[in-house]
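> Please read through the structure below; I'll follow up with questions.
The values are calculated or read from the model by the stated rules, or taken from the named source; none is laboratory data. Predicted model only: the values in this text are computed from it and were never measured. So basically every Cβ, Gly included, is an ideal-geometry build from the backbone, and we count neighbours across all protein chains shown.
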Amino acid sequence: MKHILLIAGLLASFFGYSQELEKSLLWKISGNGLKNESYLFGTIHITCDASLDENTLDALKKTDQLYLELDMDEKSMQMQMMKYMMMKDGTKLSTLLSEEDFKTVDAFLKKNINMSAKMFDNFKPFMITTMLYPKMLDCPFQSVESELMKITKEQNEEVFGLETVADQMQVFDNIAYQIQAEELVKMAKNDLQKDKAEFAKMMEIYNSKDIEGMLKMMDESENKITADNQDALLNNRNKNWIPKIIEIIKIKPTFFGVGAGHLAGEEGVIKLLRKQGYTVKAVK
């Protein structure tokens, strides 16, 4: 975590910016001349239970549109993603790894998704990792984003994205392919056991609505992709979102659903909005 000088820390604490955030996934945005309130909700991308509580359903009713990280309602999204799944400059997984490690990954993928690593030789290693996420669950896969979209559609409202597929996929060009490949090998060698345990812990923290705890867990993770790349994964994206969010909420009451890790911390969306003069309060 970043070191903060004592005086700056005391001032920030006085104004409520360095205090740990309350345990809540749902936050109301108001003040600073807004005519209507908007809402900010922390999602988790895969889960066993994507059902929404009454406060969240009420917030969806009070708003006129849904913004997710991506416009997941866009019909061409899958095709767009395919354009950015390959590593640049002809880099291959088979050259990033030793022959032995590549064979380990190959056997692992055949066991878990019935496909050979040779089929994904040009793919960004993290993209291969995401294909294994459903295997982390001991239950049928559900998505909070899909549930938010379902309710939004029932209300005859539109779904939009804070960033493009190109924006999001660029993140994984900014994280060294070698690191991504090494993390894939670690996953293969422990046959998902450590990953399942870490994900179960993440789910427990998420279900307790502890967004600060989620950020702390990412910071302390043995996974170098998450622990060492929070600027690329979270902070830089948060900063890019703030002017967009401000422009959007001035026009129309909006429900924003983004990964819960984006909400917490000094460079999280909540405190960045507060620093712009908005009141952002937990909805209990």
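> Need the failing condition index for residue 197 against (1) among the aliphatic types (A, V, I, L, M); (2) assigned to a helix (DSSP H, G or I); (3) touching a residue at least 12 places away in the same chain (Cβ under 8 Å), just the number.
Only one criterion in (1) among the aliphatic types (A, V, I, L, M); (2) assigned to a helix (DSSP H, G or I); (3) touching a residue at least 12 places away in the same chain (Cβ under 8 Å) is unmet by residue 197, namely (3).
> Could I ask something else about it? If the Cβ limit is 9 Å and pairs must be 6+ apart or interchain, which residue in segment 33-50 that is more than 22 Å from residue 265 (Cβ to Cβ) pairs with which residue that is basic (Lys, Arg)?
Matching pairs, first to second residue: 33/250; 34/250; 35/250; 36/62; 36/252; 37/28; 37/62.
> Exactly one condition in (1) of a type in the set (A, V, I, L, M); (2) out of contact with any Leu (no Cβ under 7 Å at 6 or more places or on another chain); (3) surrounded by 17 or more Cβ atoms within 10 Å (Cβ to Cβ) is not met by residue 200; state its number.
(3)
> Check residue 195 against each of (1) over 15 Å from the mean Cα position of the chain (by Cα); (2) at pLDDT 95 or above; (3) of a type outside the set (Ser, Thr, Tyr); (4) buried (at least 19 other Cβ atoms within 10 Å of the Cβ) and name the one condition it does not meet.
Every condition holds for residue 195 apart from (2).
> Tally up the residues in segment 109-128 that are surrounded by 20 or more Cβ atoms within 10 Å (Cβ to Cβ) and either in contact with a Lys or Arg (Cβ under 6 Å, 6 or more places away or on another chain) or part of a helix (DSSP H, G or I) (or both), please.
Looking only at that region, the number is 5.
> Check off (1) over 24 Å from the mean Cα position of the chain (by Cα); (2) at pLDDT below 90; (3) exposed (fewer than 14 other Cβ atoms within 10 Å of the Cβ) for residue 2 and give me the number that stays unchecked.
(1)
> How many residues does segment 64-92 contain that are within 15 Å of residue 120 (Cβ to Cβ), over 20 Å from the mean Cα position of the chain (by Cα) and part of a loop (DSSP other than H, G, I, E, B)?
The qualifying residues number 3.
> Let me ask something additional. Which one is farthest from residue 260 (Cα to Cα), of the residues in segment 140-155 that are in a helix (DSSP H, G or I) and of a type in the set (S, T, N, Q)?
152
> Restricting attention to segment 91-126, which residues are free of Cβ contacts under 8 Å to residues at least 60 places away in the same chain, among the polar types (S, T, N, Q) and within 14 Å of residue 177 (Cβ to Cβ)?
Matches in segment 91-126: 94, 95, 122.
> If you don't mind, there's one more thing I want to ask. Based on what the data block shows, is residue 249 part of a helix (DSSP H, G or I), modelled with pLDDT of 95 or more, touching a strand residue (DSSP E or B) at 6+ places or on another chain (Cβ under 9 Å) and among the hydrophobic types (A, V, I, L, M, F, W, C)?
yes
> Which of the residues belonging to segment 161-180 are assigned to a helix (DSSP H, G or I) and modelled with pLDDT of 95 or more?
Selection gives 177, 178, 179, 180.
> If I ask for residues that are farther than 21 Å from residue 97 by Cβ and β-branched (Val, Ile, Thr), which ones from segment 164-215 would you list?
164, 165, 171, 205, 211
> I'm checking my understanding of the structure. Among residues of segment 33-58 that are surrounded by 12 or more Cβ atoms within 10 Å (Cβ to Cβ) and among the small types (Gly, Ala, Ser), which one is farthest from residue 251 (Cα to Cα)?
Result: 50.
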